[in-house]
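The values are calculated or read from the model by the stated rules, or taken from the named source; none is laboratory data. Source: prediction; values computed, not measured. Here the Cβ positions follow ideal geometry from the backbone for every residue, glycine too, while neighbour counts run over all protein chains shown. Note: accessible area is taken over every heavy atom of the protein model, side chains too, but ligands, DNA and RNA are not part of it. Shrake-Rupley method; radii C 1.70, N 1.55, O 1.52, S 1.80 Å.
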Amino acid sequence: TEKRAGQLEKIKRMEKEHGTVGAVAVDKNGNICAATSTGGMTNKKWGRVGDAPIIGAGTYANNNTCGFSGTGHGEFYIRTAAAHDVSALMEYKGLSVVEATQAVMDKIGDMGATGGMIALDKYGNIAMPFNSAGMFRGYKKEGENGVVKIFGDE
């Protein structure tokens, strides 16, 4: 459509990406779920598959460890199996969800990529590290007010 063609031209000039929407949740029985949806990268190379639909890369859920949803340069999430890596660090090394997500976020950053992730363990502990200028994120726990953040110093 004319609208999408205009968006494409704008993106080509600005070299920016559209965002990802992710969610993780744990129910009262300790069942964890995760979902990731992305508009993908505008002007992406034909045939590119991002990390969002790859279980263990951009999305993952394991009742014994955590639920995970990632955003950023998907190729790096695929190469590191980022989502599964977080779960494995929790399961095999005994790291907390905060420690495990930060370790994987650091690994992705050391490779030259930017992004972020949200993760939730079976006890409701939340981790939302990122290495970009900001990341829209939030959470809601039963009996508490919702929390919404954008920048790292909040």
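Using C-alpha pairs under 8 Å with a sequence gap of at least 6, the mean separation divided by the residue count of the chain gives a relative contact order of 17 percent.
The shape of segment 73-154 comes out oblate: with a ≥ b ≥ c from the C-alpha gyration tensor, a/c is at least 1.5 while a/b does not beat b/c. Across the accessible surface of the chain, with the other protein chains kept in place and a 1.4 Å probe, carbon and sulfur atoms take up 52 percent. For THR65, what charge total do you get from the other residues with a beta carbon under 10 Å from its beta carbon, if Lys and Arg give +1 and Asp and Glu give -1? Once positives and negatives cancel, what remains is -1. Using the rule -39500 (n - 2.57) for each DSSP H run of four or more residues, divided by the residues of the chain, the 222 nm mean residue ellipticity is -9000 deg cm²/dmol. For the pair VAL21 and THR114, the difference between a 0.36 nm per residue extended length and the Cα-Cα distance amounts to 31.9 nm. Count Lys and Arg as plus one, Asp and Glu as minus one, and take only other residues whose Cβ is under 12 Å from that of ILE108; the net charge is then -3. Springs join every pair of Cα atoms under 10 Å in this Gaussian network model of the chain, and among TYR77, TYR60, TYR123 the largest mean-square fluctuation is at TYR123. In this label model, GLU91 and ALA103 are separated by 1.4 nm, measuring between points 7 Å along each Cα→Cβ vector. Take segment 23-151 with all the other protein chains still there, run a 1.4 Å probe, and you get 54 Å² of accessible area per residue.
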